[in-house]
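Chemist: Can you read through this structure? Questions will come right after.
Taken together, the values in this text are just the output of simple stated rules run on the coordinates, not laboratory data. It should be emphasised that the depicted structure is a prediction, and the values quoted were computed from it without experimental measurement. Ideal geometry is used to build each Cβ from the backbone, glycine not excepted, and the neighbour counts take in all protein chains shown.
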Amino acid sequence: RLYDRVSGALRIEVMEKGEVVKKSVSQVQFDMPERVIRENNFHAADKAWNSIADTCADAINHIAGTRLTRYRRLGLKDHLEAPLRCNRLKRETLESMWSAISDRKTMMVDYLNAKARLLGIERLAWYDQTAPLPFGGNSSLSWDEACRITVETFHGFSPDFGQFAEQALAEGWIEAENRAGKRQGGFCTDLPVKKQSRIFMTFTDSPDSMSTLAHELGHAYHSHVLRDRPVFLRDYPMNLAETASTFAEAVLGEQRLAQAKTSEQKLSILDGMLGDSVAFLMNIHARFLFEDAFHKKRAEGELAAEELSALMLEAQKQAYANGLADEGWNPRFWASKLHFYITEIPFYNFPYTFGYLLSLGVYAMAEDLGQEFPEQYKKLLIATGCEETEDAVQSTIGQDLTQPDFWNKSLDIVEQRVAQYKELAQSMS
C-alpha cells in the first residue's frame, strides 16, 4: 500500500516535440520513434523515482524482511524454496534453464547491436530497447481482421483451438474497446461454474494488440481444456499458465512471419519477436539476479537505496552481457518495477521466462509431429492441473526439464530468428 500510494502520486514534466507534457510515471513509454523524446522521458522518470527512492527502499526491505522471517519460521531452506513450490518446480530445473540462457547471451547481444545499427546509433541504451525501426512494416489492422487472422491461425494448428476461439468471439467473451481511461494490455479470468472465461483487453489497431488477443485466448483455452476436471485438478501454477498463453502467441507469430510479403514486414515482425526474447532472456533474468542477491543481503540487514541501485546495475550488466551503452543502464529499476512490490507472489519473474522457453520447445515439437501434436498438447494442459511441472512435461511430451538439452532446443529457435534478423538488417543497410 505504501508503494502504491507514493508511486501513484508521481508526476513528471517532459519536453516532447517542443511542448511540455505532464504525465504520470505509469504513462512513460519508450516506443516513440524520436530518440530525444525517449531519452527525455527516461531521465524525467528516473529523476522522479529518485525523489522517492528512500521510501521505495523502506517498502522493498520490509517485504523481503517479512518473507525471510516467515520462511525461517516455516523451516524453509532459503528464499527460493517458496517460489519454487508455488510453481511446482525443482531447483535443478530452474538452475538448468538459467545456465542454458547464460551460455547463449552472445546471440542476444548480436541482436541488440544489429538493431542499434538500424537505428543509426552506436549502442542501445535502456530506453532504446522497444524503439520502432525507422521504416514502415507494422501496418495497422482492424479488430475484425485481427480476429479473422487469429482464428484462422488457431484452426491451422488445431481445429479444437480454432473452434474455441470462434466461440469466445461469437458469444462475447472478449471486451476489447479502446476508450479513455482504460489501461493497455490484457487480462483473462476463469468462470469455473459456467465453464467459460472472460478476456479484458484494449485493442489499438496494431499487430501487438493481435498478439495480446492470442495470448489471452491461450490462457482461456487452457481453462477450457480443464473445464470438466474436478476443481482440485484444475489449479495450475503461474509458470505453466504462461506456457499456454505464450504458445498461442508463438503460433500466431510464426504464421505472421511466414505470410509477410516484404523485407520490412519480416524485419518488423522479427523485431517484435526478438524484443520479447530480450525481455524474457535478459530483462527478466536481471530481475531474478537482483532479487536473488537482494534476499541474500537482506538476511544480514536492510539495504539503502544506493545499495539497491548498485545491485540492480550489477544484475543488468550480467543479464545483458554488457550489451547496452556504458551510460545506458537503469539502476533504479528496482524502484520503478511494480512486480518487486507484489506481496502475494514471491519472485514474480522467472515463471515468465520458463513459460516462454517451454512454449518455444513445445512449438518446435508441434512442427515435428504435425497433426499428431494437438492431442499431445491437450494432454500437457490437462496434466498441468494436477502434476508437478517436470512430471507433467515428461509424462505427456517426453522431455526432461532438469537437463539443458531441452532449453537449448528452445534457444535454438531464438538463434535462428537472430540470424534471420541480422541477414535482413544487413541487406537493408
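Chemist: Of the DSSP beta bridges with both residues in region 138-233, give the percent that are antiparallel, rounding to the nearest 5.
Modeler: 75 percent
Chemist: In Å, what is the Rg of the alpha-carbon atoms in region 280-367, and how long is Dmax?
Modeler: 14.8, 51
Chemist: If the viscosity is 0.692 mPa s and the temperature 37 °C, what translational diffusion coefficient in µm²/s does Stokes-Einstein give for region 1-40 when Rh comes from Kirkwood over Cα pairs?
Modeler: The diffusion coefficient I find is 292 µm²/s.
Chemist: Go through region 166-175 residue by residue and turn each phi into a ³J(HN,Hα) via Karplus (6.51, -1.76, 1.60, θ = phi - 60°); whole Hz please, and just put x for glycine and proline.
Modeler: Those phi angles translate into 4, 4, 4, 6, 5, 9, x, 7, 10, 10 Hz.
Chemist: Still on this structure, please answer the following. DSSP loop (so not H, G, I, E, B), at most 11 other Cβ within 10 Å: list which GluC sites (Glu not before Pro) in region 159-264 pass both filters.
Modeler: The qualifying sites are E171, E177.
Chemist: What ranking do F347, F30 get, fewest neighbouring Cβ atoms within 10 angstrom at the top?
Modeler: Ranked by crowding around the Cβ, least crowded first: F30, F347.
Chemist: Next question, about the same structure. For a protection proxy built on the mean count of beta-carbon atoms within 10 angstrom, sort 52-62, 204-214, 67-77 highest first, please.
Modeler: So the order, starting with the most tightly packed, is 204-214, 52-62, 67-77.
Chemist: Could you please report the charge total around E415, scoring K, R as +1 and D, E as -1 over all other residues with beta-carbon less than 10 angstrom from its beta-carbon?
Modeler: My count for the surroundings of E415 gives 0.
Chemist: Amide H to amide H, which residues 5 or more places from Q196 or on other chains are under 5 Å from it, using H placed in the peptide plane?
Modeler: Amide H to amide H, under 5 Å and 5 or more residues apart or across chains, Q196 pairs with L191.
Chemist: Shifting gears a bit: Sequence-distant or interchain residues sharing an amide H contact under 5 Å with V21, placed H: which?
Modeler: V14, M15, E16
Chemist: Further question on the same structure: So what's the net charge close to V225: Lys and Arg +1, Asp and Glu -1, counting the other residues with Cβ under 10 Å from its Cβ?
Modeler: Local net charge: +3.
Chemist: Here is a further query. Using only Cα atoms, locate the centre of region 267-304 and the centre of region 241-263, then give the distance between them in Å, rounded to an integer.
Modeler: If you average the Cα positions of each part, the centres end up 24 Å apart.
Chemist: To check you understand DSSP bridge types, tell me what percent of the beta bridges within the chain (both residues inside) are antiparallel, rounded to 5.
Modeler: Taking every DSSP beta bridge with both residues in the chain, the antiparallel ones total about 85 percent.
Chemist: Taking θ = phi - 60°, what integer Hz values does the Karplus form 6.51 cos²θ - 1.76 cosθ + 1.60 yield along region 29-41, in sequence order, with x for Gly and Pro?
Modeler: Using θ = phi - 60°, the values come out as 9, 10, 9, 7, x, 7, 5, 5, 5, 4, 5, 4, 4 Hz.
Chemist: Shifting gears a bit: How large is the direction-averaged shadow of the alpha-carbon convex hull of region 161-203, in nm²?
Modeler: Over every viewing direction, the Cα hull of region 161-203 projects on average to 3.4 nm².
Chemist: Of the labelled options (i) 57, 54, 43; (ii) 68, 67, 37; (iii) 62, 48, 47, which one gives Cα extents along the principal axes in Å as computed for this structure?
Modeler: Structure-derived value, by its label: (i).
Chemist: Give me the one-decimal Kirkwood hydrodynamic radius in Å for region 138-233, with the sum taken over alpha-carbon pairs.
Modeler: Result for region 138-233, one decimal place: 13.8 Å.
Chemist: Ok, one more. Which ³J(HN,Hα) values in Hz, rounded to whole numbers, follow from the phi angles of region 213-223 under the Karplus curve 6.51 cos²θ - 1.76 cosθ + 1.60, where θ = phi - 60° and Gly and Pro get x?
Modeler: The phi angles translate into 4, 4, 4, 5, 5, x, 4, 5, 5, 4, 5 Hz.
Chemist: By counting other Cβ atoms within 10 Å of each Cβ, how are V193, V25, V251 ranked from fewest to most?
Modeler: Ranking V193, V25, V251 by Cβ neighbours within 10 Å, fewest first, gives V193, V25, V251.
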